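*Asks:* Here you go, one structure.
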Amino acid sequence: MDQIGSILTKTDQIAQPPPGGGNTSAGKTTMPETNRFAVRMSDSLAQQLNEIQESTGYTKAQIFSRAISLYKIAKLAQMNNEEVIIRSDTKEKALVSI
């Protein structure tokens, strides 16, 4: 499996609950806690994070994990002189910088 395929597989596993169901908070399954970080962000970015959380049902930790995985994919593509393409039925867009 290539590096991008490996990252994608790991990204798909992020949303899966850990064996045994994991910790629960307000009825949500969360990732097992191994490291803890405090992050400062603007009100605008915090609002975007909250909107993503509400629309997906993912925890903030799951959103950050997925964002980091996607960043790694884009950075690896950039290092290999490749492009990340976002495609729909009607249009295609290349992610040009990361």
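The values are calculated or read from the model by the stated rules, or taken from the named source; none is laboratory data. Note that the structure is predicted; figures quoted are calculated from it, not measured. As a convention, Cβ positions derive from the backbone with ideal geometry for all residues, glycine included, and neighbour counts pool all protein chains shown. Heads up: the accessible areas ignore ligands, DNA and RNA and are worked out on the full protein's heavy atoms, side chains in. Shrake-Rupley method; radii C 1.70, N 1.55, O 1.52, S 1.80 Å.
*Asks:* Would you point out the residue of the range 66-87, among those that are closer than 18 Å to ILE52 by Cβ and small (Gly, Ala, Ser), that is surrounded by the fewest Cβ atoms within 10 Å (Cβ to Cβ)?
*Replies:* So, considering only residues that are closer than 18 Å to ILE52 by Cβ and small (Gly, Ala, Ser), the one surrounded by the fewest Cβ atoms within 10 Å (Cβ to Cβ) is ALA67.
*Asks:* Can you tell me which residues in the range 49-65 are of a type in the set (D, E, K, R) and under 11 Å from the mean Cα position of the chain (by Cα)? Break it down into steps so the answer makes sense when it comes.
*Replies:* Of all residues in the range 49-65, those of a type in the set (D, E, K, R) come to 51, 54, 60.
Result: LYS60, single match.
*Asks:* Has the range 88-97 got any residue that is open to solvent by less than 70 Å² (accessible area, probe 1.4 Å) and assigned to a helix (DSSP H, G or I)? Steps first, answer last, please.
*Replies:* Within the range 88-97, the subset open to solvent by less than 70 Å² (accessible area, probe 1.4 Å) is 88, 94.
Checking which are assigned to a helix (DSSP H, G or I) leaves us with none.
Checking the range 88-97: not a single residue is open to solvent by less than 70 Å² (accessible area, probe 1.4 Å) and assigned to a helix (DSSP H, G or I).
*Asks:* All but one of (1) open to solvent by 70 Å² or more (accessible area, probe 1.4 Å); (2) of a type in the set (Lys, Arg); (3) modelled with pLDDT of 80 or more hold for LYS28, so report the exception by its number.
*Replies:* The single condition LYS28 does not satisfy is (3).
*Asks:* Looking at the range 44-66, which of its residues are within 18 Å of GLU33 (Cα to Cα) and either out of contact with any strand residue (DSSP E or B) (no Cβ under 8 Å at 6 or more places or on another chain) or of a type outside the set (Ser, Thr, Tyr) (or both)?
*Replies:* Matches in the range 44-66: TYR58, LYS60, ALA61, GLN62, ILE63, PHE64, SER65, ARG66.
*Asks:* Considering only the range 50-65, state which residues are surrounded by 13 or more Cβ atoms within 10 Å (Cβ to Cβ) and in a helix (DSSP H, G or I).
*Replies:* First, the residues of the range 50-65 that are surrounded by 13 or more Cβ atoms within 10 Å (Cβ to Cβ): 52-53, 58-65.
The answer is ILE52, GLN53, LYS60, ALA61, GLN62, ILE63, PHE64, SER65.
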